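First up is the structure itself, then whatever we jot down about it.
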Amino acid sequence: MSARRPIAAALLLALAGCASPLPRGFYRPEGQAPQDTIGVYVEQGAEALIEARCQGAYIDRVDRQRTGTVHVQLDVARTRSGDISLARSSIAVDVKPAAGGPHVRLPLSEAWSGRDRVTGDLFVPGWARRPFDLFFDDPQLLADGAPPSILLVWELHGDGRVVPGQCEFALIPDDDPYSPSRLPAADTDFGLRNGYYLPGVQLGERRLRKADEERLHHLFHEEEGWMW
Amino acid sequence: MILRILLVALGVVCLLAGGAWLAVDRSAVGMLRNELAVRGLQRLVQVESVKLPSLEEAEAGGITLNDPRTGLEVAHIDHLSVDVSTAEGWFSPRVTVVRGGGGRVHVWRDEDGLSLVRALDALLATFSSGPDTGEEPAPPPEQPAEPKPWHGAPAVILDDLEVTLTQPDQKPLVIPGCALRVNDTPDTVTVDVQAGSDGGSAVLRFASGGLHHLEVRGVEITPVCALFLPVDEQELASDLQPSGVLDLDLALLPGHGEATRAQGQLRDAGLAPSLLPYPVGEGTLPFLFEDGHLTVSDAQLSFPGGTVQGSLQADATGFTLDASTHDAQFRADFMQLIPHFDDIKWLKPEDGGSLDLSLRITSREGADLDVDGWGGVFMERLRVGPSGVLVEDVVGSLDIHDQILDFHEVSGRCAGGAAQLSGTLNLHTGDFKADASLFDIDIAHLDRALEIPGSESRNVVGWMQGSAHAEGHMGEVRRTRASGQVSVRGGYLWRVPVLDAVLRSLSLARPEDKRSDSLAVRFRVRGQTIYIDELRLDSESLSLQGEGRVSRDGDLDLKITPIHMGGMLGDALRYVQRQIVALDLTGTYSDPHVRVRPLKAVTGPLGDLWDWITGLFGGGEKPASPFIEEPDDEPEPAAPPVSATPPGAR
């Protein structure tokens, strides 16, 4: 074997590594039957109706730095008079590492409601519905692969009471017949495929995408450029 | 001998006395009737029979008290016994006690008031004024008169009476086992009525001029009891249909209705207003009527699923009603409370959810009913449209000011996405404006929800967004004006019956499912017709452009131009093909008919040949148009928002 062969093989492997998709996990609510569209967790409490979709654990960039992110879409409807809020400090995800070990708690890194960045508590007025996009960042999130489960926790403040809540999402295996990883890549302008957020698209910098169209949940990522 | 004479004389005297008593007894009815006539009471009181068991006692049967105004029977007593006092001499007998039992009393109201009160007033006036001799009243004495013994009305004790209250358009109330006590004192005649065994009591106090005071304790009432109220309040009571157990203290100044004062409460109260779909009740209504004003304060009434707190201020010029409910359970029949309900029957909520409402309803003479307030609603399930598309967890709020109902941020979950509606309704004119938006609707889900035949196996996919602005007048569909846009992306739409028919008519194979089709439609609504101003469907192998119209019943009249997009040849063919054929799409969504039509470039025999070929795919004679030509003489509505503001974006 010539000396050139291992070098060529190493280059090929490096190229292959560059081209291979970054680790990514798609999730459905724990215990929910498989279906082709994204699963929604719905909790009807006395204070509010909460819908949660886990848009996955993926690699994207924040301030140009590559990081792992858990993305959750939350729709909260206040079904009574009086305002309620989800205390920002109470919102977190408990991530079970793919390599095993104890859960890792990730605090809320960034929150949006429609086109508006939310810097404080997540506020919902009486008899109204508000959409939220929640991002939880951790560079090591996908170091060992997609976490097998993600637990979203929060505290709802309203009517002088504090009501804790949580919902768990389970990883959709790649061999699941409805796995979004089998889907063709999403149209990057529209962003959704079967309700999943930009499947098949390598996500780049996270920032609100400019769009003429009003949507409940906007897009926050451009496709990763080749230079990266 | 002398003894015999004495015995015979005694016998004769006894016979004469007995005969005389018998004669008096037999003629007692006539005597009494004559006495009544002397007192002017022959129409007021009628007696069927009289017996005189002793010198100080009389019995009568079948005594009837009539309304002095109409002559109708007010009361009938089966039997009556009268104690007569001769303390002031044989020729000045005085009735001291009247006892009786069995019989009936009728109470009704006419334009001059209560018949029973009128009859009793007339009867008691007789006792206080003495016989009608027709003589001029005696001049005032120069010297103060000697005090005379009190000669008032006799005490009256009547038992086992059946009292019937009647009023037009109300169910009569019959109270059996009633008892009546009348006690006359120098200042007052007191009438104590016991309504059955446990039906409560009423005490009426009469003084000069008529009824002065009425005290009611624990009397069970029904709407017909409103006949005891002044006329204005009767109308209010007729609207509200009150029932319950009444405690009442009513003070009257005869001839001065403005001085009437009533205070009390209605316990275990129930109301059945005609505008409510069900009665409300199980509450307490404290009320005060004074100086012509009726005040109900701190009232609480239950209705199915909640409690309403309220207060009422009313007078002859109108009323102000404040009502609020908090955290009530939402019921489908609440929809009946919405003005123009008949025009929004395509909205069918189901029971379940919650409701807050706070309203002030003001009615003033000569002015429209004014409703101010706000509310919030949460409906667990709402069916929309003829197919009953399910919208879940609908939440929204509304307010009403100056006859404008403003409903904002009403949103719900629909077909995997969200639907949102906001707008205004002028309650006075019926004019409305609305903005509706759809976000992330899963059209596979929607296709099934619309229950169009074949949806179970069609496997159409895609995600729909849309928005529309509409204006119009409730109940007048032809005046509806709307415009908007709908788009579907990330989809596969070629199994939609209309598009499937297009493919078959063009003899094209169904494109591969890559879930990358996109559809954009811009539309206007004029009355019952939806005009498709622009339709564009793009997929990897074929695109369609079109325009046309769709009737409210789903009848299609569309012109479609196909554009092949497959491969490099697609670009070259696009222009040529657009010049060659267009598609006439008729029929309905689920049963479309496609006629392939050559355009100007292809006419004559070739066009006929094309028609013959494409006739195999459903072409042929065009049926009569199902479209109503909608007038479009009004200016175009304002350009629709390309997309409405979603919840939370404000």
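The values are calculated or read from the model by the stated rules, or taken from the named source; none is laboratory data. Computed from a predicted model, the values in this text were never measured in an experiment. Cβ coordinates were reconstructed from backbone atoms using ideal geometry, including for glycine residues, and neighbour counts include every protein chain displayed.
Quick grid of which residues meet (1) part of a strand (DSSP E or B); (2) at the interface with chain A (Cβ under 10 Å from one of its Cβ atoms); (3) under 29 Å from B:Gly373 (Cα atoms):
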| site | (1), (2), (3) |
| --- | --- |
| B:Val410 | yes, yes, yes |
| B:Arg413 | yes, yes, yes |
| B:Thr424 | yes, no, yes |
| B:Lys433 | yes, no, yes |
| B:Gly466 | yes, no, no |
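Please verify whether B:Asp393 is crowded, with 18+ Cβ neighbours inside 10 Å, more than 10 Å from chain A (Cβ to nearest Cβ) and of a type outside the set (A, V, I, L, M), treating the condition exactly as stated.
Criteria not met by B:Asp393.
Each row is one residue, and each column tells you yes or no for (1) surrounded by fewer than 19 Cβ atoms within 10 Å (Cβ to Cβ); (2) modelled with pLDDT of 85 or more; (3) not in a strand (DSSP E or B).
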{"site": "B:Ala119", "(1), (2), (3)": "no, yes, yes"}
{"site": "B:Trp150", "(1), (2), (3)": "yes, no, yes"}
{"site": "B:Leu158", "(1), (2), (3)": "no, yes, no"}
{"site": "B:Leu161", "(1), (2), (3)": "no, yes, no"}
{"site": "B:Asp169", "(1), (2), (3)": "yes, no, yes"}
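Within region B:332-364, how many residues are among the acidic types (Asp, Glu) and more than 21 Å from A:Gln44 (Cβ to Cβ)? Full working, then the answer.
So the first thing to find is which residues in region B:332-364 are among the acidic types (Asp, Glu), and the list is B:333, B:342-343, B:350-351, B:356.
Pick out the ones that are also more than 21 Å from A:Gln44 (Cβ to Cβ) and you get B:333, B:342-343.
Qualifying residue count, region B:332-364: 3.
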Review point. Considering region A:185-199 alone, what residues qualify as being under 19 Å from A:Pro34 (Cβ atoms) and not in a strand (DSSP E or B)?
Key: A:Asn194, A:Gly195, A:Pro199
Review point. Hey, B:Leu41 hits all of (1) crowded, with 16+ Cβ neighbours inside 10 Å; (2) under 30 Å from B:Ser115 (Cα atoms); (3) at pLDDT 75 or above; (4) in contact with a strand residue (DSSP E or B) (Cβ under 9 Å, 6 or more places away or on another chain) but one; which does it fall short on?
Key: (4)
Review point. In this structure, does A:Tyr178 turn out to be under 21 Å from A:Asp60 (Cβ atoms) and either out of contact with any strand residue (DSSP E or B) (no Cβ under 8 Å at 6 or more places or on another chain) or among the aromatic types (Phe, Trp, Tyr) (or both)?
Key: no
Practice item. Would you mind listing the strands (runs of 3 or more DSSP E) fully within region A:75-138 where at least 1 residues are away from chain B (no Cβ under 14 Å)? Key: A:92-96, A:104-107, A:110-113, A:129-138
Practice item. Could you tell me whether any residue of region B:322-341 is in contact with a strand residue (DSSP E or B) (Cβ under 7 Å, 6 or more places away or on another chain), more than 14 Å from chain A (Cβ to nearest Cβ), more than 23 Å from B:Met474 (Cβ to Cβ) and hydroxyl-bearing (Ser, Thr, Tyr)? Key: no
Exercise for review: Only residues that are surrounded by 18 or more Cβ atoms within 10 Å (Cβ to Cβ) and charged (D, E, K, R): list them for region B:317-342, please.
Suggested key: B:Asp322, B:Arg331
Revision key, fill the gap. Within region B:201-212, residues at pLDDT 90 or above and either more than 26 Å from B:Ser243 (Cβ to Cβ) or not aliphatic (A, V, I, L, M) (or both) come out as B:Ser201
Practice item. Would you point out which residue out of B:Ala501, B:Ala482 is away from chain A (no Cβ under 14 Å), in a strand (DSSP E or B) and either touching a Cys at 6+ places or on another chain (Cβ under 7 Å) or modelled with pLDDT of 85 or more (or both)? Key: B:Ala482
Practice item. Could you list all residues from region A:147-178 that are in a loop (DSSP other than H, G, I, E, B) and within 29 Å of A:Gly120 (Cα to Cα)? Key: A:Pro147, A:Asp159, A:Gly160
